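Since the structure comes first, as structure tokens, the remarks are kept for the end.
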Amino acid sequence: MSTRTRFAPSPTGYLHVGGARTALFSWLHARKHGGRFILRIEDTDIERSTIESVNAILEGMTWLGLEYDEGPIYQTERFDRYKEVIQQLLDSGDAYRCYCTKEELERMRAEQMGRKEKPRYNGCCRPGAEPREGVNPVIRFRNPVEGAVIVDDLVRGKIVFNNSELDDLIIARSDGTPTYNLTVVVDDLDMGVTHVIRGDDHINNTPRQINILKALGAELPQYAHVPMILGDDGKRLSKRHGAVSVMQYREDGFLPEALLNYLVRLGWSYGDRELFSLDEMISLFDIKDVNKAASTFNSEKLLWLNHQYIMNSDPAHVAHHLSYQMGRLDIDPVDGPELVEVVKVQRERTKTLVEMAQNSAFFYRDFDCYDEKAARKNLKPAAVEALADMLDAFKALPDWSSEAIHKVVVETAELRELKLGKIAQPLRVAVAGGPVSPPIDITLELLGRERTVQRIERAIAWIEAQGTAV
């Protein structure tokens, strides 16, 4: 049978890091084995599910590049099928109507807890119960009371659940809507899912779902429960740890490949290797090699990985993602050097695309003021003559290239008998507004003659105005 995996998020929020890792593991397993990857939207929680969350999930999957072969499939469009299966289970005797009220169930649980027993449904309607006026029944699955469910988990190994420990779970609410454990079983069955890869918070659902599948005469999928992700404080990753939404990492200037590379290493390894292309992930990843223990999210490690990807990826690819960050700064990249060239000169010195965009903004628009410390140190009256010399030379340059610009800077330093830094740094502050930029000759070449001339003239005027003010 062909391998079929699925990612089945609930649209009650954004696509978070843990969900993205689960999607990645499922996607990799399908790709490695020539199978199909299905996206299923589990939106039966009508009150909490939103179209905004659906869009956030789809946007996150697209940004990460985790393309799905089937879907998105929405559970809310499959209610007729769920009702059909519920009726099938009622007809076969594998399900029954329960007329216990909420108050009776709460009293039952309170009494059990008072006896220090595990709170659970006691099966009072299991033999058959008469309808009660004013009570809409729920429908419960008649779980086996003997034997055990043995799960050969691909990550955790053999797990045994005694049926005597499992109560008769509700598969349809009193309003007729199906519950999670029913819908997921029907979906996995109908979609031919062969491998269920999901978080280990679902482990306790697995024996219940297996028993429903058995009652339906279905072939069982293989299960793999991956461990949770912890924050650096050892607690489950949540909003308090910072960015846990996948799209927040886009906002923060990370490349999707860097995040995928980091996520695949959260619980899986291949020797001491840190960097993997997508093709390498597909060929090397094995779900059986995922660790049982929880993984700790390390933001510094992700930042390091992102820097590696910025430095070593195709500049055109990085430029594609950088354009989004430039747009967030209200910068149209058409009004300046090509983004690919900016990436080439900035990638060694920036860890995120946000940082790269901010550091490159001066190429595309004028700045309002100079960095105070840099101006105080470099834009002094003594710098005016050298700036004026270079201004005249730049205006007359027949060839606006980094080589010609470099020659002007060197010759000016020699003429004024100054070290190169004493010439280059005031020039840098004049054109970039601050003390940091790519090499000054490349900076000016990308900036262009017109902007260079205007900014040197502005710097000279500013220095002279400061002198007058004093």
Which loop GluC sites (Glu not before Pro) in the range 59-165, with loop taken from DSSP, have no more than 15 other Cβ atoms within 10 angstrom of their Cβ? GLU67, GLU117, GLU133, GLU146
With bins of 10 Å, the percent of all Cα-Cα pairs of the chain per bin from 0 is 4, 16, 21, 17, 13, 10, 8, 6, 4, 1, 0
Please list, by residue number, every one of the trypsin sites (Lys or Arg not before Pro) in the range 98-140 that is coil in DSSP and has at most 16 other beta-carbon atoms within 10 Å. ARG115, LYS116, ARG120, ARG132
Viscosity 0.692 mPa s, temperature 37 °C: what is the translational diffusion coefficient of the range 1-134 from Stokes-Einstein with a Kirkwood Rh over Cα pairs, rounded to a whole number of µm²/s? 179 µm²/s
FRET efficiency for ARG120 and ASP80 from the Cβ-Cβ distance with R0 = 30 Å, rounded to 0.05, comes out at 0.45
Relative to the present Cα-Cα distance, how much length would full extension add between LYS288 and GLN87 at 0.36 nm per residue of separation? 68.6 nm
May I ask you to work out the translational diffusion coefficient for the range 315-363 at 25 °C, viscosity 0.890 mPa s, via Stokes-Einstein with Rh from the Kirkwood sum over Cα pairs, reported in whole µm²/s? 237 µm²/s
Run the helix sum for the chain: -39,500 (n - 2.57) per DSSP H stretch of 4+ residues, divided by residue count, reported at 222 nm to the nearest 500 deg cm²/dmol. -14500 deg cm²/dmol
Give, in nm to one decimal, the length gained when the segment between MET108 and ASP399 is fully stretched (0.36 nm per residue of separation minus the Cα-Cα distance). 95.9 nm
Free-by-geometry Cys in the chain, Cβ-Cβ under 4.7 Å as pairing rule, reported as CYS100, CYS124, CYS369
log₁₀ I(q)/I(0) of the range 93-186 at q = 0.14 Å⁻¹, via Debye over equal Cα point scatterers, no solvent, to two decimals? -0.62
What is the angle, in °, between the Cα long axis of helix 102-114 and the longest principal axis of the Cα atoms in the chain? Nearest 10 is fine, range 0 to 90. 90 degrees
Would you kindly work out the equivalent ellipsoid of the range 178-299 from its C-alpha gyration tensor and give its semi-axes, the square roots of five times the eigenvalues, largest first in whole Å? 30, 18, 14
Could you tell me the center-to-center distance, by alpha carbons, between the range 86-104 and the range 175-216 in angstrom? 18 Å
Of LYS158/LYS292; LYS377/LYS419; LYS301/LYS351; LYS32/LYS288; LYS235/LYS292; LYS351/LYS373, pairs whose Cα-Cα distance is over 19 Å: LYS351/LYS373
Using only Cα atoms, find the angle between the long axis of helix 384-396 and the longest principal axis of the chain, and express it within 0 to 90 degrees, rounded to the nearest 10. 80 degrees
Any chance you could get the radius of gyration and Dmax over the Cα atoms of the range 284-368, in Å? 16.5, 57
The range 352-410 versus the range 254-296: alpha-carbon centroid distance in Å: 43 Å
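Within 10 Å of each residue's Cβ, count the other Cβ atoms and sort ASP272, ASP233 from fewest upward. If you can, show how the numbers build up before the last one.
Working: ASP272 5, ASP233 10.
Fewest to most other Cβ atoms nearby, the residues stand as ASP272, ASP233.
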Where does the range 54-126 land on Rg(C-alpha)/(2.2 N^0.38 Å)? 1.83
When the scattering of the range 366-470 is computed by the Debye formula from its Cα atoms alone, each counted once and equally, what is log10 I(q)/I(0) at q = 0.12, 0.17, 0.22 Å⁻¹? -0.34, -0.70, -1.21
Would you work out if the range 257-306 is rounded, prolate or oblate? Take a ≥ b ≥ c from the square roots of the eigenvalues of the alpha-carbon gyration tensor; rounded if a/c is under 1.5, else prolate when a/b is larger than b/c, oblate otherwise. oblate
Neighbour-count ranking [beta-carbon atoms within 10 angstrom, fewest first] of VAL340, VAL151: VAL340, VAL151
Put in order of increasing Cβ neighbours within 10 Å, starting from the fewest, VAL429, VAL244 give VAL244, VAL429
Could you state the angle between the C-alpha long axis of helix 315-328 and the longest principal axis of the C-alpha atoms of the chain, as a value from 0 to 90 degrees rounded to the nearest 10? 90 degrees
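Quick note: the coordinates plus some simple rules give every number you see, no bench work behind them. Note that the structure is a prediction, hence the values are computed from the model and not measured. As a convention, Cβ positions derive from the backbone with ideal geometry for all residues, glycine included, and neighbour counts pool all protein chains shown.
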